[in-house]
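Structure first, commentary second.
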Amino acid sequence: MIKPKLDLKSLTDAGVVTLGTTVKNSMTTNAAEFPASAAAVTALGTAVTALGTARQAADDGKIAQQALVDAKDAARATVEDCLRTLAGQVNEVAKGDANVIHDAGMTASSEGGPVLMSQVLNLAVTGGDEVGSLDAQWDPVAGVRIYKVQVSSDTVSPPANWVEKATPTKSKCTLTGLASAMKVWVRVKAVGAKDEGAWSDVAWKTVP
């Protein structure tokens, strides 16, 4: 029998936020189909907001504070619990009807889910061959269309003023036109056909 499919373990934190938001909005719009789920939908909305806030705090360079990471992980677990509860309730209402499952913002078990971009990992920045250039390289991400590479010359950490510098299709690029002897921050994200991954951890290098 067709049932709701969540695949939560395959999703990034950003993917869980996106799925949770989609389910909350869809089940709110189609509330008449799921009269017993109002409280669970409200709980999901609260949990998604908490996860989004915790994830942003971690992405903003505060990940060194273990309490923030723990809070993010706990918030994600709460969102996942809410989604599983709602999936069970939707399954009871749908009774194998894929259209009812879709009305809840969920994918049916017989359908493939979208390819969601993951976070870019292992970003490394080294001095380029030319004066005023840096070479950046990172692990490739499956299903990527392009990468967005941003730089910042802020003197504070974490940097805040980011400028898009390159959009390569490969997992490496050379950044040129930089001021020699300046400390430059770099971050990268993967962009797919339907979504974007989270920004990588920030790397920095003094421009040769």
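Just so it is clear, none of the values below were taken in a lab; they were calculated from the coordinates. For clarity, every value in this text was computed on a predicted model and none was experimentally measured. As a convention, Cβ positions derive from the backbone with ideal geometry for all residues, glycine included, and neighbour counts pool all protein chains shown.
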Pair residue 194, residue 33: separation of 7 Å Cα→Cβ label points (nm): 1.7 nm
What pairs from 95/194; 72/183; 172/194; 5/170; 9/165 go past 25 Å between their alpha carbons? 95/194; 72/183; 5/170; 9/165
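Sort 101, 2 so that the residue with the fewest other Cβ atoms within 10 Å of its own Cβ comes first and the one with the most comes last.
2, 101
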Take the chain, mark every one of the trypsin sites (Lys or Arg not before Pro) that falls in a DSSP loop and has at most 16 other Cβ within 10 Å, then report the longest stretch left between them, sites excluded. 1-94
Give, as a single signed number, the net charge of other residues whose beta carbon lies under 12 Å from the beta carbon of residue 20, with Lys and Arg counted +1 and Asp and Glu -1. +1
What is the Cα radius of gyration of segment 86-180 over 2.2 N^0.38 Å, N being its residue count? 1.73
If I model segment 4-108 as equal point scatterers sitting on the Cα atoms and use the Debye formula, what is log10 I(q)/I(0) at q = 0.12, 0.19 Å⁻¹? -0.39, -0.84
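Counting only C-alpha contacts under 8 Å and six or more residues apart, can you give the relative contact order of segment 4-108 as a whole percent?
On the way: 117 pairs, mean separation 45.1, N = 105.
It comes to 43 percent, rounded to a whole number.
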Proportion of all alpha-carbon pairs of segment 124-206 beyond 20 Å (%): 29 percent
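Just the number: Rg to Rh for the chain, Cα atoms, Kirkwood Rh, two decimals.
My calculation puts Rg/Rh at 1.08.
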